[in-house]
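The values are calculated or read from the model by the stated rules, or taken from the named source; none is laboratory data. Computed from a prediction, not measured in an experiment: that's the story for all the values here. No Cβ is skipped: glycine too gets one built from the backbone with ideal geometry, and neighbour counts run over all protein chains shown.
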Amino acid sequence: MNRKRIRRYRQMLFIAWRGLRSASLFLVEELRRGTLPRNLLSILKARRFSIEADMSHAELLEERASRIGRRIFLVFKDQTFTYSDMDQNANRVANFLRSMGAVPGDGLAIIMKNSPRWLDVFFGVEKLGMYAVPVNIALREDQLAYVIGNSDVRFVVIDHDLLPHYLAVQEKLEKIAKVIVNAQGAPPEFKLSELMANLDEAYGPSADASKPPVRYHPDNMILIIYTSGTTGLPKGVVYRYRNSSVKTISIMSRFFLNPEDVYYTCYPLFHANALFLTVTASLHAGCRVALSEKFSASRFWDEIRRHRATIFNGLGAVMPILMKQPPKSNDRDHKVHSVLSAGCPADIWEAFERRFGVRIYEAYGAVDGAGVVLINLGTGPVGSMG
């Protein structure tokens, strides 16, 4: 793209319209008014750009599994999962939930740390036409009870070591029909209540890996993500099957990702950054996700190198923390070409790029922003989001 031309277009607005026609009209109108580069459409076309029809994340996974099923989608510790593996595991979880009495329209809270099973539950919920409520695992007492109760879920899937926090508030949660515990890695002495189910059963030898014959209504909820609640209790942002985040993320993935990329994330899957920008975008691109349990400043670049990651997301607090680590001779010894940042301090932006040999692309968006995203594609001033 001509640099003189692109300098004239420092802000780009991506809006999640309700269908391909609306999105096309948006691009054409912006082009007519001169607020998009004249060659943007040809660039998108060259990258085989299209906005996916309304679909769930699980449907996108199914489509990718049917085309590139043998390709690796997820790496976690020493485990690898292909697109087909992920799709079949999601089917297993979905059929297990059906056996627990789950039906389309039901809600399920996911209270789990980062793991492949987190994604299995997330995709499995959508395969049944249910809605998922990712829960911040740091919530305790009143805040935990509020999110579970406010979201009106009937099911809870929770890690065994987080179960005590749920039990402390369960008397306030009368609508819960079943608690399903992820007992993977639990100590031998761990015992489940007779009223609870074990998620391990979804992965047993007799588990049904076929696609469940369930349809959803487009107006049904697909996902509720709760904000951080900086001005009070967390606020639930509702997504529906007819207007999920899926088609919006396809735009970002076409700009920044190729099938050969490895997208690293150490952020929690209950956060939109990891769930949307990493997992969903990687599904669109057909590339690989390298998932870490949690952020570690001392291990960050070692994990980047081990996974041969080519892209990661940088949040405002993370970038300064990485800069404060002692310089090493191998700071540039990696495959990363891009960092999608949110809130990178202007005073370390260029220093970060020089030290680690990466390119920072600053973006601004919000989980409740209706798909509006502003991106500095490297042409705006340092410290700006467009």
Out of 94, 109, 132, sole residue that is among the hydrophobic types (A, V, I, L, M, F, W, C), touching a helix residue (DSSP H, G or I) at 6+ places or on another chain (Cβ under 6 Å) and part of a helix (DSSP H, G or I): 94
Top-ranked residue of segment 342-353 - restricted to ones that are surrounded by fewer than 19 Cβ atoms within 10 Å (Cβ to Cβ) and not in a helix (DSSP H, G or I), ranked as nearest to the chain's Cα centre (by Cα): 342
Test: residue 197 is assigned by TED's automatic domain parsing to the domain that holds residue 129 and either closer than 17 Å to residue 58 by Cβ or surrounded by fewer than 16 Cβ atoms within 10 Å (Cβ to Cβ) (or both): no
Segment 202-224 residues that are over 12 Å from residue 125 (Cβ atoms) and among the aromatic types (Phe, Trp, Tyr), paired with ones that are modelled with pLDDT under 90 and in a loop (DSSP other than H, G, I, E, B) (beta carbon under 6 Å, 6 or more apart): none
Residues (assigned to a loop (DSSP other than H, G, I, E, B) and at negative phi) located in segment 69-91: 69, 70, 71, 78
Wholly enclosed helices (runs of 4 or more DSSP H) of segment 278-337 bearing at least 1 residues of a type in the set (Asp, Glu) and at pLDDT 95 or above: 300-307
The listed residue being surrounded by 13 or more Cβ atoms within 10 Å (Cβ to Cβ) and farther than 30 Å from residue 87 by Cβ, out of 356, 276: 356
